[in-house]
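Chemist: Let me give you the structure first, and then I'll get to my questions.
The values are calculated or read from the model by the stated rules, or taken from the named source; none is laboratory data. Everything numeric in this text was worked out from a predicted model, so none of it was measured. Backbone-built Cβ (ideal geometry, glycine too); neighbour counts: all protein chains shown. The accessibility values were calculated without ligands, DNA or RNA, using every heavy atom of the protein model including side chains. Shrake-Rupley method; radii C 1.70, N 1.55, O 1.52, S 1.80 Å.
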Amino acid sequence: MIYEQTKDLLSKIKKLRTADVDKIAYQYLEDEVDVSALYPHIKESGAIHRIYFVVSLQSIKTLEYQLQFIEDHFSDLNDWWHVDLFPQLLRKGPKFDFVYQKAKKYCKSPLLFARRWGYVIFLTGWQKDPSNTKKILSLFHDDDEYYVQMGEAWLLADLTIYNPEECLEYIASKLLKYNIIGKAIQKICDSFRIPDDVKNKVKELRKLYK
């Protein structure tokens, strides 16, 4: 029944936007709708995929069980936006060490988007604490997959907002190949939240890789 109802709601929206999909998801949450019957159909539609994960994760009350749910569905993550949806849905709290230990495993997964999640997971607020920077950077490693590289670059650029000194030092250490560092430098230079003096320093560091 829920599958037919969801398809009907989606079919009535002429120009489907993310906000429209989320409106359906949050109405399901308000009505305490069980969306488990949508699971067999998540590959049919990006909208159904999003509704299933938004409602399921928001219905879970603890971070620990949310992460277990994501782990149980790693094989269903087949695009970058499947992963990048999750940070806004996670329960917030002072559980950095718990998340760090989880991320250590994710970053080594044979699954591409599980590895991306190992980096993107910190973009829930844990990247804002400068005392976390060194530990997070210790997880970075060379990866041949573009979407993992972009996840690393995104996180490194975001870390630079909150702890530029440590991140510049990390970039200068040449622990990663330029295919990741170059993307991170570009994101740093494009950021409105990073001052020009930091951008100028990171541009100079490009020379170390040439």
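Chemist: Return one whole number: the accessible area per residue of the chain in Å², for a 1.4 Å probe.
Modeler: Per-residue value: 53 Å².
Chemist: Run a plain Debye calculation on the range 19-72 (Cα atoms as equal point scatterers, no solvent) and give log10 I(q)/I(0) at q = 0.26, 0.31 Å⁻¹, rounded to two decimals, same order as the q list.
Modeler: Debye output, listed in q order: -1.08, -1.26.
Chemist: Where does the chain land at 222 nm, in deg cm²/dmol rounded to the nearest 500, when only DSSP H runs of n ≥ 4 count, each adding -39500 (n - 2.57), divided by all residues?
Modeler: Result for the chain, helices only: -18000 deg cm²/dmol.
Chemist: In whole Å, what is the distance between the alpha-carbon centres of the range 1-17 and the range 33-63?
Modeler: Spelled out, the Cα-based centre of one part sits 14 Å from the other.
Chemist: Along the positive direction of the dipole of the range 76-210 (beta-carbon charges: Lys, Arg +1; Asp, Glu -1; about the Cα centre), which of 171, 195, 80 reaches farthest?
Modeler: Of the listed residues, the answer is 171.
Chemist: Can I ask one more? For the range 30-35, just list the computed ³J(HN,Hα) in residue order, Karplus coefficients 6.51, -1.76 and 1.60, θ = phi - 60°, integers in Hz, with x standing in for Gly and Pro.
Modeler: Karplus-based 3J(HN,Hα) across the range 30-35 equals 4, 8, 6, 7, 7, 9 Hz.
Chemist: Quick one: P(r) of the range 121-192 from all Cα-Cα pairs, 10 Å bins, percents rounded to integers, in order of increasing distance.
Modeler: For the range 121-192, the pair-distance distribution reads 21, 61, 18.
Chemist: Gaussian network model of the chain, Cα springs within a sub-10 Å range: biggest mean-square fluctuation belongs to which of 98, 122, 86?
Modeler: Of 98, 122, 86, the Gaussian network model singles out 98 as fluctuating most.
Chemist: Here is a further query. Order these peptides, 24-36, 161-173, 51-63, by their mean beta-carbon neighbour count within 10 angstrom, highest first.
Modeler: With the highest mean Cβ count within 10 Å placed first, the list reads 51-63, 161-173, 24-36.
Chemist: Rounding to the nearest 20 debye, state how big the charge dipole of the range 77-198 is about its Cα centre with +1 on each Lys and Arg Cβ and -1 on each Asp and Glu Cβ.
Modeler: Dipole size: approximately 580 debye.
Chemist: Which percent of the accessible heavy-atom area of the chain goes to carbon and sulfur, probe 1.4 angstrom?
Modeler: C and S atoms contribute 52 percent here.
Chemist: Computed FRET efficiency, Cβ-Cβ of residue 41 and residue 71, R0 22 Å: what is it to the nearest 0.05?
Modeler: The pair residue 41/residue 71 has a calculated efficiency of 0.55.
Chemist: Rg (Å, one decimal) plus Dmax (Å, integer) for the alpha carbons of the range 1-96?
Modeler: Final numbers for Rg and Dmax: 13.3, 42 Å.
Chemist: Taking H placed 1.01 Å from N in the peptide plane, check which residues at least 5 places from residue 60 or on another chain put their amide H under 5 Å from its amide H.
Modeler: Here the answer is none, since no amide H 5 or more places off falls under 5 Å of that of residue 60.
Chemist: Separate question: Taking the Cα atoms of the chain alone, what are Rg (to one decimal) and Dmax (as a whole number) in Å?
Modeler: For the chain, the Cα radius of gyration and maximum Cα-Cα distance read 18.9, 60 Å.
Chemist: Please list, or write none, the lysines whose alpha carbon is within less than 26 Å of the alpha carbon of residue 92, excluding same-chain residues fewer than 8 places away.
Modeler: Result set, ordered by chain and number: 23, 61, 102, 104, 105, 108, 128, 134, 135, 187.
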